[in-house]
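J.: To start, I am sharing the structure in question, which I have written as structure tokens.
Just so it is clear, none of the values below were taken in a lab; they were calculated from the coordinates. Because the structure is a prediction, the values reported are computed rather than measured. As a convention, Cβ positions derive from the backbone with ideal geometry for all residues, glycine included, and neighbour counts pool all protein chains shown.
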Amino acid sequence: MTVNAFLRRSLLICCVYLGIISAAIANDDSINEGVNQDKAASLHSPGLNIVVIGKTKNDSFYEQSYEGCQVFAQSVEGVNCIYDGPQDFQNIRAQALIIESYLKTGVDGFLISTTDSTFLVNRVLKKAKAAGVPVITFDSDLLASDKAYRLAYVGTNNFDYGVALGNQAKAFKKQDLTQICIQSGHDSTPNLNERIRGVRYALAGENVPRLRGENGWTEYSRCPFYTLGKREQAVRQLEHILTLENPPIYLAVAGFAQFSPDYIKKIGPFKQQIANDDLVIISADAEDIQLDALRANLSSINIGQKPFAMGRLGAQLLYQYIKYGETPSQDIYYQDFYYCTPENVNECVVK
């Protein structure tokens, strides 16, 4: 390589790195800009300020939890609910930065759906505890080793939820050895990993790290798929599975692809195969957009949760602790789940 060629290549590499760094800085600035707007609002809100933090902000599941918080706030005086989270996907660093920013502002309590327990505790929840700011987790709890950094958990029993999802797959088993593909979000998220564990337990009849033929079940070689909550990526993953010569049963442990506004258009060509059970799509959650897909026969079954109830009860527990010093009487407050099919879809709306 000539000296000039070497210099040109070195300059190109430097430009690429500068571009990456600039993008990262811009991303942090966009995070901080969104946080600062919400912080400004909370600073001017008298009374108790409770911040609801989802794994992602642009998500109807967490919006319902925020609505539940608001409904509780209307039942008492002096409580304000604030809603935030990483904008478009499950970004563990952004979630911690957002919580840290509110902590510096001086809010009174947090309702948090955990994306990465260890990272969140080490980055910000230790600071929250030291500052005396209470945390209740909802939807996704901290790991057992980290529970000292929250008062209680309000949400689904995620292992049982996974078992329920896995049990639904049994009805679609047609071969001695049946493949399944599990779709998840972030590989470190506690609730999703518990659901995967539950799915495998339901099908294998025991705890296994991966299905390898137990009771006639095996996992497609490329799965679990991890989406990070990116909806279009989730849809592409699903499309890939549906177009295989011998597609496995597809089981999503959260809404993912079905949260995409393009889901019905993209999956529409497979409608008849899904209706005939030649293709099987089992999904967690039953948000309105998902029920539209189920109504269009573009999902085999959905199992819904109760995010509204999680937000309402979580806010109530925080209020009682902050206002009256009442520690939650339970470590865990489980909320039940329910089943939605094409047959009962019009009655399957639960708060």
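J.: For a 26 Å ceiling on Cα separation, which of these pairs sit above it: K147/K323; K57/K129; K129/K351; K174/K265; K230/K306?
T.: Pairs exceeding the cut-off: K129/K351; K174/K265.
J.: Then there is this: Using Cα centres only, tell me the gap between the range 217-264 and the range 159-182 in whole Å.
T.: 15
J.: Another question about this same structure. Give me the percent of DSSP beta bridges within the chain that run antiparallel, rounded to the nearest 5.
T.: 10
J.: Mean-square fluctuation check for the chain, GNM, Cα pairs under 10 Å: which of N302, N91, N276 is largest?
T.: N276
J.: Take each of the peptides 240-248, 219-227, 178-186, average the number of other beta-carbon atoms within 10 Å over its residues, and list them starting from the highest.
T.: 178-186, 219-227, 240-248
J.: Now, a different point. Would you mind telling me which residue in Q316, Q90, Q305 has the biggest mean-square fluctuation in a Gaussian network model of the chain, where springs connect alpha carbons within a distance under 10 angstrom?
T.: Evaluated over the chain, the most mobile residue of the options is Q316.
J.: Now, a different point. Would you kindly state how much longer the chain becomes between K127 and K323 on full extension, computed as 0.36 nm times their sequence separation minus their alpha carbon distance, in nm to one decimal?
T.: The K127-K323 span can extend by a further 68.4 nm.
J.: Among DSSP bridges having both ends in the range 158-304, what percentage is antiparallel? Round to the nearest 5.
T.: Approximately 5 percent, going by the DSSP bridge assignments.
J.: Pop out the Kirkwood hydrodynamic radius of the range 233-351 from its pairwise C-alpha distances, inverse of mean 1/r, in Å to one decimal.
T.: For the range 233-351, the Kirkwood estimate is 15.9 Å.
J.: Using Stokes-Einstein with the Kirkwood hydrodynamic radius over Cα pairs, what translational diffusion coefficient do you get for the chain at 37 °C and a viscosity of 0.692 mPa s, in µm²/s rounded to a whole number?
T.: 153
J.: Subtract the Cα-Cα distance of N346 and Q175 from 0.36 nm times their separation in residues, and report this length gain in nm to one decimal.
T.: 58.3 nm
J.: State the extension gain, in nm to one decimal, for the chain segment bounded by I332 and E77, taking 0.36 nm per residue of separation less the distance between their alpha-carbons.
T.: That works out to 89.2 nm of additional length.
J.: Can you pull the one-decimal nm distance between simple spin-label points at N297 and E100, each 7 Å off the Cα toward Cβ?
T.: In this crude label model, N297 to E100 measures out at 5.2 nm.
J.: Can I ask one more? Taking the Cα-to-Cβ direction at E206 and at Q273 and moving 7 Å from each Cα, how far apart do the two end points lie in nm?
T.: Those two pseudo-labels are separated by 3.5 nm.
J.: If you build the convex hull over the alpha carbons only and average its shadow over all orientations, what do you get for the range 158-304? Give it in nm² to one decimal.
T.: Value for the range 158-304: 7.6 nm².
J.: What residue among V154, V124, V253 has the largest mean-square fluctuation in a Gaussian network model of the chain, using Cα springs under 10 Å?
T.: Taking springs between Cα atoms under 10 Å, the residue moving most is V124.
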